[in-house]
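J.: Okay, here's the structure, questions in a sec.
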Amino acid sequence: EPEVTQTPSHQVTQMGQEVILRCVPISNHLYFYWYRQILGQKVEFLVSFYNNEISEKSEIFDDQFSVERPDGSNFTLKIRSTKLEDSAMYFCASSVEADTQYFGPGTRLTVL
Amino acid sequence: KQEVTQIPAALSVPEGENLVLNCSFTDSAIYNLQWFRQDPGKGLTSLLLIQSSQREQTSGRLNASLDKSSGRSTLYIAASQPGDSATYLCAVRTASGGSYIPTFGRGTSLIVHP
């Protein structure tokens, strides 16, 4: 069964550094999403992406964040200058339409 | 702003019991509602999705119902098993002003002991 994959599984970085989290959505899916979950907190929506552009973003998704689909298979989330409070699990998800979303296993980001 | 609440926050039951997990939401103008399970340190696995026009969905031992007018959804788990132990999340996509951003509840942490 097709799955959403994410790399790396764990990323440790220093505050102020740039990180890129990578996702490979399910191949026939058209909608792509990033979420985060701070330890012990709710899952929070960051951004949705469709037809090579951002369709929606939350208040969390500020100028420090960007997304890209560089090659038709990967979907990336870049954080330009990481802060301590960016430490969280980051989940990628994809869907055929705006319906059932399939999540990846997540990337644990630790900012020191 | 949509608020999603899940009750109870935690539940511990013996194997074989039938369970009801609750999800309530404040804005009834929803597009759909999705139930997930999350195992510790893992991603989310979709269980059931209910469109706003539907009343319930079933998959195996799971049944989810939706009552938009009262702002509630329930997830019914029949004949619970230890493998059902996980955190169960509901996520509501609100159809408001062209936005479909999903809002998650905090989840119900379920332990089914043998």
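J.: Hey, which of the strands (runs of 3 or more DSSP E) in region B:1-68, taking only ones fully inside, have at least 3 residues that are out of contact with any Leu (no Cβ under 7 Å at 6 or more places or on another chain) and modelled with pLDDT of 90 or more?
T.: In region B:1-68, B:4-7, B:10-14, B:19-25, B:44-51, B:62-67 are the strands (runs of 3 or more DSSP E) which contain 3 or more residues that are out of contact with any Leu (no Cβ under 7 Å at 6 or more places or on another chain) and modelled with pLDDT of 90 or more.
J.: Can I ask one more? Quick check, is B:ALA86 closer than 30 Å to A:GLN6 by Cα, touching a strand residue (DSSP E or B) at 6+ places or on another chain (Cβ under 8 Å), within 14 Å of another protein chain (Cβ to nearest Cβ) and in contact (Cβ under 8 Å) with a residue 60 or more places away in the chain?
T.: Answer is no for this residue.
J.: On to the next question. Out of everything in region B:8-26 that is surrounded by 16 or more Cβ atoms within 10 Å (Cβ to Cβ) and more than 14 Å from every other protein chain (Cβ to nearest Cβ), what residue ends up being nearest to B:LEU89 (Cα to Cα)?
T.: This residue is B:LEU21.
J.: Another question about this same structure. When the residues of region A:1-26 are filtered to those that are part of a strand (DSSP E or B) and hydroxyl-bearing (Ser, Thr, Tyr), which remaining residue is farthest from the other protein chains (Cβ to nearest Cβ)?
T.: Going through the qualifying residues, I end up with A:THR13.
J.: Right, something else. Wholly within region A:27-112, which strands (runs of 3 or more DSSP E) include no fewer than the required count, namely at least 1 residues that are in contact with a Ser or Thr (Cβ under 9 Å, 6 or more places away or on another chain) and facing chain B (nearest Cβ under 9 Å)?
T.: Strands (runs of 3 or more DSSP E) meeting the threshold: A:31-37, A:43-50, A:53-57, A:88-95, A:107-111.
J.: Still on this structure: Hey, B:LEU33 hits all of (1) within 30 Å of A:SER9 (Cβ to Cβ); (2) exposed (fewer than 15 other Cβ atoms within 10 Å of the Cβ) but one; which does it fall short on?
T.: (2)
The values are calculated or read from the model by the stated rules, or taken from the named source; none is laboratory data. The shown structure was predicted, so the numbers you read here are calculated from the model rather than taken from an experiment. Every residue, glycine as well, gets a Cβ built from its backbone with ideal geometry; the counts of neighbours run over all protein chains shown.
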